[in-house]
1. May I ask you to compute the full-extension gain from V514 to N501, defined as 0.36 nm times their residue separation minus their alpha-carbon distance, rounded to one decimal in nm?
2. Expected output is a single nm value to one decimal: the length gained when fully extending between Y297 and D330, i.e. 0.36 nm times separation in residues minus the C-alpha distance. What is it?
3. So between D165 and D393, what do we pick up on full extension, going 0.36 nm a residue minus the alpha carbon distance?
4. Given R₀ = 56 Å, FRET efficiency for T483-R532 by Cβ-Cβ distance, to 0.05?
5. Please give me the summed charge of the neighbours of I96: other residues whose Cβ is under 15 Å from its Cβ, Lys and Arg +1, Asp and Glu -1.
6. Which pairs in the list K494/K539; K445/K554; K82/K108; K82/K111; K331/K469 are over 26 Å apart, alpha-carbon to alpha-carbon?
7. Can you sort I11, I550 so the residue with the fewest Cβ neighbours within 10 Å comes first?
8. Cα-Cα over 18 Å: which of K327/K398; K313/K400; K252/K379; K153/K186?
Amino acid sequence: MSHTLLFIISIVVVVFILVIAIITILKKKQKRYYQNIYDELEREKNLISSTPVLSELSKLEPIIKNEKMEVKYQKWEERFDKIKNEEVPKIDDMLIELDTLIDKKEYKTAKFRIAKCEMEVYKIREQADDLLDQIKEITLSEEKYRSIITKLKTKYRVLNKDYNDHKDLYEEVSEAIGLQLENIEKRFLEFEKAMDENMYSDVVHIVKALDTMIEHMEIVISEVPDLMLMCKQLIPKRIKEIEDIGKDMIDKGYPIEYLNLDYNLGESRKNVEVILDRIKVLNLEDCMFELKTILDYLDSIFVDFEKERLSRKVYEEGIRDFAKKLKKTDKVVTDIYEQLEDIKNMYDLNEEDVNIIYEVNKDLISIKDEYKNIIDRVKSKATPFSLITKEVDELSLKLKQTESTLDVALKSLGNMYEDEQRAREQLEEIDKLLKECKEKMREFKLPIISDNYFVELNEANEAILEVVKELSRKPIVIKTLNTRVDTARDLVLKLYNTTLNMIKKAKLTELVIVYGNRYRFLHEDVEEGLDRASTLFFKGSYDSALKMCINTLKIVDDNIEGKIKSYESKI
């Protein structure tokens, strides 16, 4: 228990010692902080005291040549005495008080004194610096303003030489420029006089005036020749050229009234005169900009002229092509529209086909009205070609769309007509093919014709009659007609192939029987087979008769099939 108590007491002692040490360190650090502030204020006060005002004032004594300068000198001397003998001692007192507070560790009060002392130091330092700057403005004036004036004189000489070398370019502005150059020279003389009399306050204004005047004259000497050239030659020449071209274009029928040339050119002349009056008094502000704006406007008129010329050429070519297309399309539509009832009677048109024709005719009437309106406006010169050209392009696009719609309608009608003509042509070919079948049957007199053949013949005849009926209908239903034609063609081709095949088999059977007759008396089976083949032949079973012949003759001739193929190729 005693050991534990001793341990706790030891810890308490150690903590107490540490707290005391930390407090001591913090107090020392705090004191050092305030001491540094005090030292900085002391240094600032010493800098104020050491301001080289007296040395600068001593430089003024030799150049005081007038009462005005004498008064300034005395005021500056009084101000510095006040700073040195009144203001600085106040700061000393404040610093002593601050030092005492820091020693006594009265930091709360010290903070307030520091803030007050800093404000006082700042105020006095500003007074001292301002006083020094005012004195230096005079002591350094000689060297400073001499240097500035030397540069200004160099600029002036260059300007004067440039002006005199090209004096003829300035025309009536020369007098004003000459007077201004004389004023500059007078200012230089005033500067010398002010410097001799040490009137430095006047010198500042003279130098500033000279700098402004020379800077202005640099602009004048540089810009006036160009301004005069624009006012006297470029713009008047452009205006005259525009007037001549405008008159010529009006004579040639160009509608350029929208440019309002008389008024705008008149205003341009007035503006140039106003600008010229300002130039004569050397007021060049915005003159260059305004003249360039006028030139840009005049140049834009030339662009408008050229645009109208090109637009007229494009218009004439475009309207000529448009008129041809319109005439062609109008003729087609008129012909179709006039024959529409006949076409409806001739073909079974659906509602959509008829409506397309009506819509095309309606659109074409609208296009013709717009076309007439354009032509009338061109004749009356009411609209410039640059605008009319766009309208022609838009109208051409409308006509193209109408032509596309018309092509759809014509294609539909054309297909119907082509289908009808094709049906008639195919009917002729089918009739011709059927006749050929009959002629072939007459040429080779078959012993008998099968009932199936007559069935096919009747079907073909009926199909042909159906085609004839469809062609004689009014209106013609093209879809039905095409179906009838396809059916008739297929049946007649089937009959034709049946005819050729039957005749071919009959001929071949007949030839084989004749060939086999030479073997009749050599073999009983041959004779019997040929008799049976002949019986089938005369009954009209030509395929069975041929097969019987082949099977029979194989008994006596192994190459009978090859010989039959040879016969077949000759038929």
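Here, each number is a calculation from the coordinates, and none is a lab measurement. Given the structure is predicted, the values throughout are model-derived calculations rather than measurements. For neighbour counting, all protein chains shown are included, and Cβ atoms are generated from backbone atoms with ideal geometry for every residue, glycine included.
1. On the way: separation 13, 0.36 × 13 = 4.68 nm, distance 1.99 nm.
My answer for the length gained is 2.7 nm.
2. Working: separation 33, 0.36 × 33 = 11.88 nm, distance 4.58 nm.
This chain segment gains 7.3 nm when fully extended.
3. Numbers: separation 228, 0.36 × 228 = 82.08 nm, distance 6.01 nm.
Separation in residues times 0.36 nm, less the Cα-Cα distance, equals 76.1 nm.
4. Details: r = 46 Å, r/R0 = 0.82.
That pair, T483 with R532, gives E of 0.75.
5. Details: positive: K45, K90, K104, R113, K116; negative: D39, E42, D92, D93, E97, D99, D103, E106, E120.
Here the count lands on -4.
6. Numbers: K494/K539 23 Å; K445/K554 29 Å; K82/K108 32 Å; K82/K111 28 Å; K331/K469 34 Å.
Beyond 26 Å between Cα atoms: K445/K554; K82/K108; K82/K111; K331/K469.
7. On the way: I11 10, I550 18.
Exposure proxy ranking, most exposed first: I11, I550.
8. Details: K327/K398 15 Å; K313/K400 21 Å; K252/K379 12 Å; K153/K186 12 Å.
Correct reply: K313/K400.
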